[in-house]
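Following: one structure in structure tokens, then a few remarks.
Where a number appears in this text, it was derived from the coordinates with a stated rule and is not lab data. None of the values given here were measured: they were computed from a predicted structure. We place every Cβ from the backbone using ideal geometry, glycine too, and count neighbours over all the protein chains shown.
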């Protein structure tokens, strides 16, 4: 039977809308309500949560901070479940909810992964999971999916047990239907090999493809570190190769990154650039991460620390500085200018870098430039990177929320700051992309603003503790900036973006001329923002 196309479209739309409504209904049932916390809503102003109703003087925090996986109340009651509620899924690592769920009592089998198959425990031919309340049929053991919620049904030790079970039983099979799509467990990763260690072949030490082999030592380095002004080989051969091993070539000696070797002369159409590397006619050495991604075409995707070149310097390596490059996310070529992430253990924040710093510290930068560290690159360096002639930059911001671990990506059309004499004034283009409708533009009010710190405030009427370092206008005093403290204080909700409380941030810039689909870049894929190795 042929179904008319218009009816097919209607059926698809109805199904799609039903899925959205079902998902929203599910999430709405997990949102904290005033009714569930009515004892905490009597003394504070509307929209505020009383941490301890028994205290003589109330301690009030925004109600939006309740059950956001961070303890804001001294007694931690903002992270407890409300009346007639129970806690579940606190140990389900792959669930989107960071610190479990609060659900109505007797509704665990509807909303809780650790109890969704509890009713099967009364059936035969089932096995009880190790740490959750679930029981699952024999047929689900070792099928690659975490049905138990604690992965105990995928334990390798079950292989011997399965051989002794009758997997052909049909008892109770009418209710042995999976109620959700369980987590597909990743294939067991083989032991990672350190590619920089190299290997021996016929007694000769060699390096993996696209790595440079140091001459007199058994060491391998990335090709973009050759002739970068720093001796990365312990024998210095990555910097003095021409002088020591090809002295007859004199000033014609150069390094070919595509062949990973030094040559006496660059073969046409390539020409020797002033740093000694062969490049296309008219090329200059890479200045930022986008340049590196295009110039070194064989560099694999990943996150690298490298030296950015000061294009205003008269000498090749004068005033160069380290940057963190992301060559994997959304096409690669990103230079990270700020990175923040906080450890949350048992709903308490620990190990975070204080971003409430002085003017000079923001000018020079602070923190360690590393993928696992928090840092601010430095306003002087950001000025250099965003004022390169004919190379306008775009801004990308990556966020991860505290409650659901959702990863959000936003992109602004352009980003530039002026020099220190002009107080690093911000010139920001419009928001052109957001992966979440509710992650709206909160940076627009900062456009045209001058950078401000507690020791050099744009608005002299703002008390030093009433604002965080950021680009602000003379009329604004605010703590709600990306440099704020992750901990809430009175009306301050902590580090947020719109309605979302944030625990991880990357601010990155990239040349607008960067080729998203260059041979060296990972193809642009929307779902790549959900891959941890691409994100944080």
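Tabulated results
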| quantity | calculated |
| --- | --- |
| Gain upon complete extension [residue 392, residue 442; 0.36 nm per residue less C-alpha separation] | 15.8 nm |
| Computed label-point distance, nm, for sites residue 435 and residue 57 using a 7 Å Cα→Cβ extension | 4.4 nm |
| Per residue Cα convex hull volume in Å³ - calculated over segment 193-284 | 106 Å³ |
| Extension reserve of the residue 194-residue 485 stretch, reckoned as 0.36 nm per residue once the Cα distance is removed | 101.0 nm |
| Distance (nanometres) between label positions extended 7 Å along Cα→Cβ at residue 346 and residue 157 | 2.7 nm |
| FRET efficiency, residue 265 to residue 414 (Cβ-Cβ, R0 35 Å, nearest 0.05) | 0.30 |
| Which of 130, 330 has the fewest Cβ neighbours within 10 Å, and the rest in rising order | 130, 330 |
| Distance between segment 472-509 and segment 139-154 - C-alpha centres, whole angstrom | 41 Å |
| Span from the segment 377-411 Cα centroid across to the segment 203-230 one, whole angstrom | 32 Å |
| Estimated distance in nm for a label pair at residue 139 and residue 38, the labels positioned 7 Å out from Cα along Cα-to-Cβ | 4.7 nm |
| Semi-axis lengths (Å, descending) of the ellipsoid that matches the C-alpha gyration tensor of segment 237-283 | 17, 10, 9 |
| Additional length obtainable on full extension of the chain from residue 473 to residue 216, 0.36 nm per residue less Cα span | 86.8 nm |
